[in-house]
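Participant: Below you'll find the structure I mean.
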Amino acid sequence: MPYAMRNNKVSIERELNSKSANIIWSLMSTPEGLSKWIADEVTRDGDEMVFTWGNEWSHHETRTAIVLETKKLDYIRLRWSEAEYADTFLELRMDKSDITGDYILVVTDFAPDGDTDTLEDIWAANMETLRRSTGL
């Protein structure tokens, strides 16, 4: 029987400097918004989203995700199309701070055993890119 790698759930929260649900939702759910902080380019065709990092003429990576579920102004849930991600999802969710009234971005993702720290570092870098590109 082959060894099955276990995926570990990773959840990261970041309070954003915004009280605008529409701005946050746009950054989470549209190709234009996602390309500001997750990938260099994002395209969408129906329920399929293609994320591209880097340039075609140099090192680049392309990954396809399927939109599993969306609840407007709440969350979007995606699944990477590669077979090893069949039992996982990526979720971007909006929560609101009761104290400040600002929105909180909650990212839920999954990492194989041994890669949790790497995934947390990737999301920390994505959050920093979001802050730099939008001021949030």
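The values are calculated or read from the model by the stated rules, or taken from the named source; none is laboratory data. Keep in mind that what you see is a predicted model, and the values were worked out from it rather than measured. Neighbour counts are summed over all protein chains in view; Cβ atoms, including those assigned to glycine, are modelled from backbone coordinates with ideal geometry. SASA here: full protein model, heavy atoms, side chains in, ligands and nucleic acids out. Shrake-Rupley method; radii C 1.70, N 1.55, O 1.52, S 1.80 Å.
Participant: State whether the residues of region 76-98 include one that is open to solvent by 70 Å² or more (accessible area, probe 1.4 Å), within 27 Å of N22 (Cα to Cα) and touching a helix residue (DSSP H, G or I) at 6+ places or on another chain (Cβ under 7 Å).
Facilitator: Among the residues of region 76-98, at least one is open to solvent by 70 Å² or more (accessible area, probe 1.4 Å), within 27 Å of N22 (Cα to Cα) and touching a helix residue (DSSP H, G or I) at 6+ places or on another chain (Cβ under 7 Å), which makes the answer yes.
Participant: Considering only region 48-72, how many residues are exposed (fewer than 12 other Cβ atoms within 10 Å of the Cβ) and in contact with a helix residue (DSSP H, G or I) (Cβ under 8 Å, 6 or more places away or on another chain)?
Facilitator: Going through region 48-72 one residue at a time, the tally reaches 1.
Participant: List the pairs whose first member sits in region 12-24 and is more than 10 Å from D102 (Cβ to Cβ), whose second member is of a type in the set (D, E, K, R) and loosely packed, with under 14 Cβ neighbours inside 10 Å, and whose Cβ atoms are under 6 Å apart, counting only residues at least 6 apart or on separate chains?
Facilitator: From region 12-24, no pairs qualify.
Participant: Just one of the numbered conditions (1) open to solvent by 80 Å² or more (accessible area, probe 1.4 Å); (2) closer than 19 Å to A125 by Cβ is not true of D45; which one?
Facilitator: (2)
Participant: List pairs: first residue in region 67-89 and at positive phi, second residue assigned to a strand (DSSP E or B) anywhere in the structure, Cβ distance under 9 angstrom, at least six positions apart or on different chains.
Facilitator: L73/M94
Participant: Among the candidates E84, E61, E69, E56, single out the residue that is of a type outside the set (G, A, S) and under 16 Å from N7 (Cβ atoms). Steps first, please.
Facilitator: Working: E61 fails: under 16 Å from N7 (Cβ atoms); E69 fails: under 16 Å from N7 (Cβ atoms); E56 fails: under 16 Å from N7 (Cβ atoms).
Of the residues listed, the single one that is of a type outside the set (G, A, S) and under 16 Å from N7 (Cβ atoms) is E84.
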